Amino acid sequence: MGEQRNIHTQGIILKKHPFGENDFSVTIYSPDLGKIQATAKGARKMTSSAAGYLETLNICNFQLYKSSVRYTIVQCQIQEKFKTIGEDLDRAMMAGMIVEIFNKSTISSEHCSELFHLLRQSLRKIGKTSQHFLTVESFKLNLLRQIGVLPDLENCASCHERWNTGHIIWLEKSGYLRCENCLYEHAVSEQNGHSRNTKNAKHIEFNIIKLINYLIRPLSEQTKTIAFNPEQKEQLQYLTRFFLEHFLDREIVSEKMMMDISG
Ligand SMILES: [Zn+2]
């Protein structure tokens, strides 16, 4: 009683796979409902335009019917299609990667609206520019920040001093950023016997921390053209990858593929 059975919502299609003989199962991310599974009945036989709308990345207006077990797509109208992404292999791969990361990271149904907007903005940006690298890194950082798992990037985790150019910054395997003094003290207190052991930590440039703090701003505010050298690119990629894997606790398959392809 009282539960809404017919639902109208907007959503982006994250995934689609055959389901039974005639149906598709579609993973939709909606700003109101979060991530849901919905069945498109008879869609595999359907020649109607609605079936053609059900492609990954498309943003659609859905009319859904909610039963006790699952959602069924009653109607679907396309709202936004990322045409320029589909026409370019590089863009398609980048978009595929961020959608996969998004799908794996959005486990709970919290912050749906913000996360939906982040994904949409990032896809729009990938569709428009050829500077994909920073867009993708910014997407990952903002995703982690909005989910609430991005560690404190402005201060040392131990002495809480705000980072400045004078600091030598270390990223520990545990995911904490510490200044050199605190890293040594922490190593001693952990009694691993090597007070000057930085083997298990990675040095991070202050400039990278500054860049990250710029990249976690809303995409619309990121208007500067940023220059970085290959080493800085590597460090930034290392950090975002580290935080993501730390969170997901497993490798991100498509990203690894990307790395292998781009060598
Ligand atoms: Zn410190």
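The values are calculated or read from the model by the stated rules, or taken from the named source; none is laboratory data. Please read all numbers here as calculations on a predicted model, not as lab measurements. Every residue, glycine among them, receives a Cβ derived from its backbone with ideal geometry; neighbour counts consider all protein chains shown.
Laid out as a table, the results:
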| read-out | value |
| --- | --- |
| Selection count, the stretch 168-182, where residues are more than 8 Å from the ligand (Cβ to nearest atom) and either under 18 Å from Phe243 (Cβ atoms) or in a strand (DSSP E or B) (or both) | 9 |
| Which listed residue, of Ile204, Ile226, is modelled with pLDDT under 90 and touching a helix residue (DSSP H, G or I) at 6+ places or on another chain (Cβ under 9 Å) | Ile226 |
| Tally of residues being in contact (Cβ under 8 Å) with a residue 12 or more places away in the chain and more than 10 Å from the ligand (Cβ to nearest atom) across the stretch 149-167 | 8 |
| Residue match in the stretch 92-106 (condition: without any contact (Cβ under 8 Å) to a residue 40 or more places away in the chain, more than 15 Å from the chain's Cα centre (by Cα) and more than 16 Å from the ligand (Cβ to nearest atom)) | yes |
| So Thr135, is it assigned by TED's automatic domain parsing to the domain that holds Lys104 and modelled with pLDDT under 85 | no |
| Test for His167: is it modelled with pLDDT of 85 or more and buried (at least 17 other Cβ atoms within 10 Å of the Cβ) | yes |
| Matching residues in the stretch 62-111 - criterion: being farther than 25 Å from Arg241 by Cβ and assigned to a helix (DSSP H, G or I) | Lys83, Thr84, Gly86 |
